[in-house]
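Okay, structure first, notes after.
The values are calculated or read from the model by the stated rules, or taken from the named source; none is laboratory data. Only a predicted model underlies this, so the values are computations on that prediction, with no experimental measurement involved. No Cβ is skipped: glycine too gets one built from the backbone with ideal geometry, and neighbour counts run over all protein chains shown.
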Amino acid sequence: MSALERGEGSLTTLLPAALDKVGPDERARLKAWCFEHCRHDVALRALLGQLLEKPLKARDRDIERLMLLGLFQLRHAKVAEHAAVDETVKLVRRLGKPWARGLVNAVLRRYLRERDALEAALDDGARLAMPPWFIERLERDWPEHWRTIAAAANAHPPMTLRVNRRHGDREHYRQRLAEIGITAREHDAARDALVLDTAVDVSELPGFDEGAASVQDAAAQLAVLMLEQAVPAGGRLVDVCAAPGGKTAHALESGHFSHVLALDNDPVRLRRVGETLARTGLADQAELAAVDAADTAAWWDGRPITALLLDAPCTASGVIRRHPDIKLLRRESDIAPLVATQRRLLDALWPLVADKGVLLYATCSVLRDENERQIQGFLERVEDAELDGGMRQVLPGEADMDGFFYAMLRKQAA
């Protein structure tokens, strides 16, 4: 958690090394605690602010983190209260700061004595465990829905699968799951999606290693379904910002596209696309390129593109429930550069789209600056673009889906 707070990575990048340091029996709990701590970090810090007479010095951030861990156990973990306090105090010794033992003990025991009053004093943002800047943005963008969106962002997301059509339809796969005691239901909005009643490790999924199914939220699966409706079968798809590869694989699994060119400016993340395609047996139908897609001279072969998917870099504010560390990593100051990057990509890629071809703009954000306003601005400055089917904003929790935005842009014939 300290490394996460210092901006040294995300849970995705930092957690594997941490899990390697504990025994197999402890890994599930460690992972759950890290995710839940991130989910409630804002509230925990607000409570600690009430409990401390003055903030700790920068050099004592480790003591602060330890007290946050203690509060987390008292508030959210299935640990006896006295054990949570005692074990947290004992950990102070490892930090070589014996002076802090009394402080840590006093803070945690005061929370137990005054819990109801301390919790009641939390403001809306802290009670919803969201950064103040994010609450302000939600209130401005979604004045009638902001509380619902914030609450949904704190909910535990379901485990949703994408069934590979090349291995059979989802009813067939649902039966395979049922045979080994895993129950699932079909998702109404996405034809390849199954929602598990209880999450399981992917190693328990039949045929996972052979690509029979993948983990992907239903909202993310909508991209390929929309493209299938927008362009004739048999052509090429260019997938921009393709990592980690779920949409690339889905496009090829659908059988609608004969080839996919997957672009991403991060070579490390692009390797994940290759791994996904190798597992699903589709690597020979895709070409991967680690490039800045806006630098079209570096990768475009001159052929007009009939179908282009721009899964634009964004705040990821629609998937906080799945990646709660976003609350710690994202800053309001990130928004303007991201909006500028989105605009740069749109403007650079649009000239490559064929007449009557489409560019599907997608984000996993709920912020209007990245979504509706971005597309409205694009349509105002580009004469040959029109919306095909309007814009679609999926809010977090809607039909058990993550928050996603889609806008299908079609190029008018010259």
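All of (1) more than 30 Å from R75 (Cβ to Cβ); (2) touching a residue at least 24 places away in the same chain (Cβ under 8 Å) hold for V195 with one exception: (1).
Residue check: is G390 at pLDDT below 95 and either surrounded by 15 or more Cβ atoms within 10 Å (Cβ to Cβ) or over 17 Å from V240 (Cβ atoms) (or both)? Against the criterion (at pLDDT below 95 and either surrounded by 15 or more Cβ atoms within 10 Å (Cβ to Cβ) or over 17 Å from V240 (Cβ atoms) (or both)), G390 qualifies.
Please determine whether any residue of the range 247-258 is part of a loop (DSSP other than H, G, I, E, B), touching a Ser or Thr at 6+ places or on another chain (Cβ under 6 Å) and at pLDDT 95 or above. Full working, then the answer.
Narrowing the range 247-258 to residues part of a loop (DSSP other than H, G, I, E, B): 254-256.
Now restrict to residues that are touching a Ser or Thr at 6+ places or on another chain (Cβ under 6 Å): none.
No; the residues of the range 247-258 include none that is part of a loop (DSSP other than H, G, I, E, B), touching a Ser or Thr at 6+ places or on another chain (Cβ under 6 Å) and at pLDDT 95 or above.
Are any of the residues in the range 60-76 buried (at least 16 other Cβ atoms within 10 Å of the Cβ), in a helix (DSSP H, G or I), touching a Ser or Thr at 6+ places or on another chain (Cβ under 8 Å) and small (G, A, S)? Yes, that holds for at least one residue. Is there a residue being within 27 Å of L367 (Cβ to Cβ), out of contact with any helix residue (DSSP H, G or I) (no Cβ under 6 Å at 6 or more places or on another chain), surrounded by fewer than 14 Cβ atoms within 10 Å (Cβ to Cβ) and in contact (Cβ under 8 Å) with a residue 60 or more places away in the chain anywhere in the range 156-167? The answer is yes; a qualifying residue exists. When the residues of the range 22-44 are filtered to those that are among the charged types (D, E, K, R) and buried (at least 17 other Cβ atoms within 10 Å of the Cβ), which remaining residue is nearest to the chain's Cα centre (by Cα)? That would be R39. Would you call L328 within 21 Å of the chain's Cα centre (by Cα), surrounded by fewer than 21 Cβ atoms within 10 Å (Cβ to Cβ) and at pLDDT below 95? Answer is yes for this residue. Here the range 182-223 is the region considered, the condition is being hydrophobic (A, V, I, L, M, F, W, C) and in a loop (DSSP other than H, G, I, E, B), and the residue that is farthest from A278 (Cα to Cα) is A189. Selection within the range 229-255: residues that are surrounded by fewer than 24 Cβ atoms within 10 Å (Cβ to Cβ) and among the polar types (S, T, N, Q). The member of this set that is farthest from the chain's Cα centre (by Cα) is Q229. Being aliphatic (A, V, I, L, M), at pLDDT 95 or above and over 30 Å from A190 (Cβ atoms) is a property that L122 has.
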